[in-house]
Amino acid sequence: MITIQNYINGEIVNAQSNEYLDNYNPSTGQVYSKIANSDHVDVDAAFQAAIIAQPQWENTSAEDRFRVMNKIAELIEERLDEFAKAETLDQGKPYWLAKNEMRRAAQNMRFFATAAMQFASESHATENKAINYTLRQAIGVVGCISPWNLPLYLFTWKIAPALAAGNAVIAKPSEFTPMTSYLFSKICIEAGLPNGVLNIIHGLGPKVGQAIVEHKGIKAISFTGGTVTGASIASIAAPKFKKLSLELGGKNPNIIFGDADIDKAIKTTVNTSFMNQGEICLCGSRLYIHSSIYEQVKERLIEAVKALKIGDPLDDSTRIGAIVSKQHFEKVLGYIELAKQEGGKILLGGEAIKPDGFENGWFIQPTLIEGLDSMCRTNQEEIFGPVISISPFDYTDEIIEIANGTEYGLAATIWTENLTLAHRVAQRLQFGIVWVNCWLLRDLRTPFGGMKNSGVGREGGWEAMRFFTEPKNVCIAL
Ligand code: NAD
């Protein structure tokens, strides 16, 4: 059985407690590896290594930082199959999807490797009096904490800009999906990343994650995960005046207007609703369809979703894999029960299923529910599973108000062929990202993140490079 160990000061080491946690394969429900059960002692050891390594890393030429980060990207690409298989076994997602995500993990490393060479700051000429310029220096040692839904994809999305900007990093992947970050640590050694520049500590959130957030020497925290965890992190980090970037939950609307290209909208909506078993923070869990096309779209969507194959995540024809953990599986099923109590009518799915050969795995049918009030809990709380609620609407003002009517503000999708309507609605939606006639079309230079309870700050491109640097104004009198 594989043992997932920590990566500290360039070495793969056990947790100092010598204790381990079980790691499950969600498609079989079986323990298949062990994870280091680390704590603040391991975080301290990582910090000692990081604080020594950081100044040298910051002073390494941008081109050399580029080279080593790009080498890591190349090594992920060389081992794409190995990484994708590991992600699938660990997370439950279909293998073809894991492959796409591993490509993106490599792309994250390469994108920010090039950012290391391109990042520049501003200069301001103050009339005849002075020249001001801004130094953007590395913060020092920073903490990156990532979730289980897109494990290596989101892990690299954080550590890559942190490293590119010259910081040393202490990173904590989710205890539900530690495998690919463990493989990643081996690649870092092979690529020649200097010792201590990146340290990866495995274990439980309230132990390792909290130790990172509480650590006096760690000056910035980049966190992606649930809103409740984000609030707890903020309450610890704020009085210590740490820089914070929080990417949190969502309850995203997907709005199909009456003039939409229905074929395209339905094809994409199947993914928007159910890709990765609905376990993507950007998935649209509230589908609103103009009443003029409601019945037609509903029937066609049901037919399209019925065709999705559920089962063996390693089978290329599988579209819906397993739910990441037993606890999350039970939470999602609990929400389906709640939806029924709230008066929802199950149009499709609504049950756990046991695919042949995977009877002990955690699988849930893709589920469509109609007839729910926009303010009920099912339509307000993040379910984060293969469950969507669908409703008709008549008026643009009405649907904008409903779409904006949750505590979250991560991403919205709209479908219309009317350019003016698209621009007007996009302006009024209170979401960090608005997709028009597409979904999850990403350009890594754009600001990524949410409004309201979906987060604080933005990732991506220069936003991430700015987050991981401290701006300093130098004013020189003429
Ligand atoms: P989570 O909040 O339970 O855990 C996220 C990470 O935080 C894990 O590594 C966990 O170990 C750690 N953690 C847990 N408790 C902690 C604590 N007290 N202190 C410090 N760290 C702690 O979230 P999850 O269940 O892993 O992920 C699902 C959530 O993530 C969903 O709400 C989803 O919407 C959100 N998410 C958001 C985005 C985004 O970009 N906005 C992207 C992906 C996922």
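Summary table
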| read-out | value |
| --- | --- |
| For the range 400-425 and the range 22-37, distance of Cα centres in Å | 40 Å |
| Residues whose placed amide H lies under 5 Å from that of residue 410, excluding near-sequence neighbours | 251, 432, 451 |
| Per-selection metrics, the range 155-276 (Cα): Rg and Dmax in Å | 18.6, 57 |
| Links that overshoot a 19 Å alpha carbon limit, given the list 264/340; 216/243; 309/331 | 264/340; 309/331 |
| Label point distance in nm, residue 326-residue 451, each placed 7 Å from Cα along Cα→Cβ | 4.2 nm |
| Acute angle (nearest 10 degrees) that the helix 419-428 long axis makes with the longest principal axis of the chain, alpha-carbon atoms | 60 degrees |
| Positive-end residue, the range 199-356 charge dipole about Cα centroid, Cβ charges, pick of 341, 327, 225 | 225 |
| The range 1-148: antiparallel DSSP beta bridges as a percent of all, rounded to 5 | 80 percent |
| Per-pair calculated FRET efficiency, R0 = 30 Å: residue 342 and residue 235 via Cβ, rounded to 0.05 | 0.45 |
| Ordering of 221-234, 340-353, 134-147 by burial proxy (mean other Cβ atoms within 10 Å per residue, highest first) | 134-147, 221-234, 340-353 |
| Acute angle (nearest 10 degrees) that the helix 95-118 long axis makes with the longest principal axis of the chain, alpha-carbon atoms | 40 degrees |
| Three semi-axes of the equivalent ellipsoid, the chain, Cα gyration tensor, whole Å, largest first | 38, 29, 19 |
| Whole-Å distance, taken between Cα centres, linking the range 44-112 and the range 224-240 | 25 Å |
| Nearby lysines by direct alpha-carbon distance to residue 34 (threshold 21 angstrom, same-chain neighbours under 8 apart not counted) | 85, 93, 172, 186, 207, 326 |
| Those aspartates and glutamates that a straight Cα-Cα span of less than 12 Å connects to residue 472, excepting residues fewer than 8 apart in one chain | 122 |
| Amide H partners (placed H, <5 Å) of residue 469, local residues excluded | none |
| Estimated distance in nm for a label pair at residue 418 and residue 204, the labels positioned 7 Å out from Cα along Cα-to-Cβ | 5.4 nm |
| Using θ = phi - 60° and Karplus 6.51 cos²θ - 1.76 cosθ + 1.60, couplings along the range 82-94 (whole Hz; Gly, Pro as x) | 4, 5, 5, 5, 4, 5, 5, 5, 7, 9, x, 6, x |
| Residue order, fewest to most beta carbons within 10 Å, for 188, 376 | 376, 188 |
| Percentage relative contact order, the range 65-158, counting C-alpha pairs under 8 Å, at least six apart | 30 percent |
| Bridge type composition, the chain - antiparallel percent by DSSP, nearest 5 | 45 percent |
| Taking 117, 102, 375 and counting other C-beta atoms within 10 Å, the order from fewest to most | 375, 117, 102 |
| Residue-averaged 222 nm ellipticity for the chain, from DSSP H runs of 4+ at -39500 (n - 2.57), nearest 500 | -12500 deg cm²/dmol |
| Antiparallel bridges, percent of DSSP beta bridges restricted to the range 304-434 (to nearest 5) | 40 percent |
| Distance in nm between pseudo-label sites at residue 373 and residue 3 (7 Å out along the Cβ direction from Cα) | 5.6 nm |
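Each value in this text was obtained by applying a stated rule to the coordinates, not by laboratory testing. Given the structure is predicted, the values throughout are model-derived calculations rather than measurements. Note that each Cβ is placed from the backbone with ideal geometry, even for glycine, and that neighbours are counted across all protein chains shown.
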